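What follows is one structure encoded as structure tokens, with my remarks underneath.
Any read-out appearing in this document is the output of simple, stated calculations on the displayed coordinates, not a laboratory observation. Everything numeric here is computed off the predicted structure, so don't read it as measured data. Here the Cβ is made from the backbone with ideal geometry for all residues, glycine too, and neighbour counts use every protein chain on show.
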Amino acid sequence: MKTYIAPSILSADFGNLQQEVEMVNKSDADWFHIDVMDGVFVPNISFGMPVISAIKKHATKTMDVHLMIVNPDRYIEDFKKVGADILTVHYEACTHLHRTVQAIKAAGMKAGVSLNPHTPIAVLEDIIADLDLVLIMSVNPGFGGQSFIENTYKKVEQLKNLIEFSESDAIIEVDGGVTDQNIQKLADKGATAFVAGSFVFKSKNPTSTIKTLKALVS
Ligand code: DX5
Ligand code: ZN
């Protein structure tokens, strides 16, 4: 099974963004995970289009953009323009999720849906066949550096079952508190994409931390 390590730029040194992007380019990482927060859906504001464009200018890998914003439909085309390859919206932020997912695909991106820790897998039953990716939040979205919520393992397992039952091609991605201590168990349950922010960027040697994570799930 192909696996994907996605370092979260939220934990990078924004003063040295180009260097951080080049570190990821040269590493064993597969994707850039890019967290957009609006201060409304989540209690924090991260960055928007100009910063994503700046990342894209140097990035040589897939841009995995995670929107923690209300009304994401307003910006789908804009995220495509600044370089998103995968665009993930929150289930909790979309009243007409089916329409949003179709619009993301029509704009030429892979479509992902993210679930907060309290949102059950079952809500995806009627949309799973249309999704390229499901992002399970293993912390409450809004900040890097929080601890992993153990209930995530059960959710990954349930999602894996739903995907198999529905003959969906969706990838299972886990986001929040991912470390060398939980990544293998997540992979065993069926996850294949792993976001890691602080564990990578706050480590002494981010390149070798990425290598370690990749090796644990390869
Ligand atoms: C949290 C973000 C995450 C965050 C992960 O709301 O969606 O992508 O950057 O950071 P760590 O790996 O430090 O939990
Ligand atoms: Zn994220």
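Between Lys185 and Glu22, what length comes free when the chain is fully extended (0.36 nm per residue of separation minus the Cα-Cα distance, one decimal in nm)?
This chain segment gains 55.7 nm when fully extended.
Apply the Karplus curve 6.51 cos²θ - 1.76 cosθ + 1.60, θ = phi - 60°, to the phi angles in the range 199-212 and return the couplings in whole Hz, x for Gly and Pro.
Rounded to whole hertz, the list is 4, 7, 6, 8, 7, 5, 10, x, 4, 6, 5, 4, 4, 4.
For the chain, what is the Kirkwood estimate of the hydrodynamic radius, computed as the reciprocal of the mean inverse distance between distinct Cα atoms, to one decimal in Å?
The Cα-based Kirkwood calculation yields 17.0 Å.
Go through the range 160-167 residue by residue and turn each phi into a ³J(HN,Hα) via Karplus (6.51, -1.76, 1.60, θ = phi - 60°); whole Hz please, and just put x for glycine and proline.
4, 4, 4, 5, 5, 4, 8, 6
What number, in percent, do you get for the relative contact order of the range 4-217 if the mean sequence gap of Cα pairs under 8 Å and at least 6 apart is divided by its residue count?
In percent, rounded to a whole number, it is 21.
List the lysines whose alpha-carbon lies under 28 Å from that of Lys26, not counting same-chain residues fewer than 8 positions away?
Lys2, Lys56, Lys57, Lys61, Lys80, Lys81, Lys110, Lys185, Lys202, Lys204, Lys211, Lys214
Around Gln102, with a cut-off of 15 angstrom between Cβ atoms, what is the net charge of the other residues, counting Lys and Arg +1 and Asp and Glu -1?
Value of the local net charge: -1.
Please report the relative contact order for the range 150-206, taking Cα pairs under 8 Å with a sequence separation of at least 6, and give it as a percent rounded to a whole number.
About 37 percent, as a whole number.
Show me the three semi-axes of the equivalent ellipsoid for the range 49-173, from the C-alpha gyration tensor (sqrt of 5 times each eigenvalue), largest first, rounded to whole Å.
23, 18, 13
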